[in-house]
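Worksheet for the structure shown next.
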Amino acid sequence: MDVEQAGPGPASGGREGSVAWEVLLPAASAPARARGRSLQAALREAVRSGRLAPGTRLPSSRDLAADLGVSRGLITEAYEQLTAEGYLRSGRGAGTWVGGAVRAAPPRARDLAPRPAGARADFVPGTPDLSLFPRTAWAAAQRAVLAELPHHELGYPDPRGLPRLRTALAELLARRRGVVADPERIVVVSGVAQATTLLGFALHARGLRTVGVEDPGSPQHDALYAAAGVAPVPVPLDGEGIATEALRASGVRAVVTTPAHQYPTGIACSARRRAELLDWARSVDGYLLEDDYDGDFRYDRAPVGALQGLDPERVAYAGSVSKSLAPGLRLGWLLVPEGLADEVIERKRTMDLGHPTLDQAAFTRFVERGDYDRQLRRCQHAYRERRDAFVAALEEHFPGSHVSGIAAGLHVIATLPRRYGPEERFLTRVAAAGVAVRPLSACAHARTGDSAEVRLVVGYAHLSPARIREGVRLMAEAGSG
């Protein structure tokens, strides 16, 4: 029977025949070599989606084949395959029925990426300007490595990363961040988040069950260390960084720190405090866990060198391309002290068998050819311009405000005049106006209730100067309402 002459419905009649015919008819038009697989896939999906409900009796293979204009063998094979998989059931002389084993939810592809919904102005920190991503240079690097990469390097890599990339990173980090970088101690990771998790597992293996975290600080550290079985212990700051007396009193033997540009306050750890932190780590046989999340971006003088360079056996150093290229690349590095190296490397192996080889090879070429240095210079120029635009807009629309942490990084702390408080009322008003902001209090471990003072952690890197000026204007109008 010719399918195109079958008319609007199946010859076999009945609701079950109609439903089966409707869901399988498109698959019956597939090319001959793929027709059997297409029929099976269509029938399987119809059962999963509930269009063919449990208990539905299907037409005989002879009738359905005639309706669809295909061979009876294709239908028989489809019924037998789905019966073997549990989607259908059949009995000798009793026909074929939809089974009751399937409990699949309707498929949904939700987007859980963190972004404010419908914000007219978004000052939430943490995101660079993704339009600055060097698409042309990155595409050229990918094409080159696809053409040149030896076949054997497409296998499982060294869990630490490609030797050539680790060598390039050692030179780059020593030159730009002043670290002591042995390629044998570098582990290529999926960003600082994975580096943090690996360090958490390594500390746990050494018997540590607590880790100090800066207060205020990044909430990300708390969750990642807790997932590795290491409880975060808040340690307060003073004007020079982590307060060492509080650190000694905490009882921890490892502490997370952002010494080049503390998140979120923007404090650059003083030379005296760096020495005190290293003395503490040596006295307790412990570790400093340095998150150099935006150390390359300093605007008023040369970047402050990494703490790790002072004692690579007491400082684990982590960084990534999330602020310089794009967080979606999931590419970073971890310099590991010898005492933690074996556990970190083995955890990396069991976690994912190593970072994707093609991405590593592309970034290697990107670094070796100087493209990464050029990208850093480009970003630094753009972000300095945007920082200046925000400071100027704040002075215009919020006269009397105070800004700190502006010498480096991709965010600042803005303290507004008291007339804009209390904080909770201000946040409610600006949110209603479609302005997304983050208060400094959101980064603190201990909440003290509504504050009369409004202090904001303002991210500006992802916004053009024009959008910065417009966003600050909208915020001022809402806050003054």
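The values are calculated or read from the model by the stated rules, or taken from the named source; none is laboratory data. Note that the structure is predicted; figures quoted are calculated from it, not measured. Please note: Cβ atoms are built from the backbone with ideal geometry, for glycine as well, and neighbour counts cover all protein chains shown. When the accessible area is computed, the model is the full protein with side chains, heavy atoms only, and any ligands, DNA or RNA have been set aside. Shrake-Rupley method; radii C 1.70, N 1.55, O 1.52, S 1.80 Å.
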> Which condition number in (1) among the small types (Gly, Ala, Ser); (2) within 30 Å of residue 385 (Cα to Cα); (3) modelled with pLDDT of 95 or more; (4) over 25 Å from the mean Cα position of the chain (by Cα) is the one that residue 309 fails?
Replying inline: (2)
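Taking the conditions exactly as written (part of a loop (DSSP other than H, G, I, E, B) and within 22 Å of residue 172 (Cβ to Cβ)), does residue 293 satisfy them or not?
Details: part of a loop (DSSP other than H, G, I, E, B): yes; within 22 Å of residue 172 (Cβ to Cβ): yes.
Against the criterion (part of a loop (DSSP other than H, G, I, E, B) and within 22 Å of residue 172 (Cβ to Cβ)), residue 293 qualifies.
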> Of all residues in segment 154-175, how many are touching a helix residue (DSSP H, G or I) at 6+ places or on another chain (Cβ under 8 Å), surrounded by 15 or more Cβ atoms within 10 Å (Cβ to Cβ) and in a helix (DSSP H, G or I)?
Replying inline: 8
> Which one of these does residue 245 not meet: (1) closer than 30 Å to residue 375 by Cα; (2) part of a helix (DSSP H, G or I)?
Replying inline: (1)
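Per-residue answers, yes or no, for (1) farther than 21 Å from residue 303 by Cα; (2) among the small types (Gly, Ala, Ser); (3) at pLDDT below 95; (4) in a helix (DSSP H, G or I):
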{"position": "383", "(1), (2), (3), (4)": "no, no, no, yes"}
{"position": "386", "(1), (2), (3), (4)": "no, no, no, yes"}
{"position": "395", "(1), (2), (3), (4)": "yes, no, no, yes"}
{"position": "406", "(1), (2), (3), (4)": "no, no, yes, no"}
{"position": "450", "(1), (2), (3), (4)": "yes, no, yes, no"}
{"position": "453", "(1), (2), (3), (4)": "yes, no, yes, no"}
{"position": "471", "(1), (2), (3), (4)": "yes, yes, no, yes"}
>> Checking the condition in a loop (DSSP other than H, G, I, E, B), surrounded by 12 or more Cβ atoms within 10 Å (Cβ to Cβ), out of contact with any strand residue (DSSP E or B) (no Cβ under 6 Å at 6 or more places or on another chain) and free of Cβ contacts under 8 Å to residues at least 60 places away in the same chain, which residue from 103, 51, 108, 35 passes?
In response: 51
> Mind checking which residues of segment 124-153 are closer than 13 Å to residue 364 by Cβ and in a loop (DSSP other than H, G, I, E, B)?
Replying inline: 149
> Within segment 222-245, can you find the residues that are open to solvent by less than 20 Å² (accessible area, probe 1.4 Å), under 22 Å from the mean Cα position of the chain (by Cα) and of a type in the set (Gly, Ala, Ser)?
Replying inline: 228
> When you go through 256, 252 one by one, which is the residue that is more than 21 Å from the chain's Cα centre (by Cα) and under 15 Å from residue 289 (Cα atoms)?
Replying inline: 252
> How many residues are over 18 Å from residue 165 (Cα atoms) and hydrophobic (A, V, I, L, M, F, W, C) if we restrict to segment 345-366?
Replying inline: 1
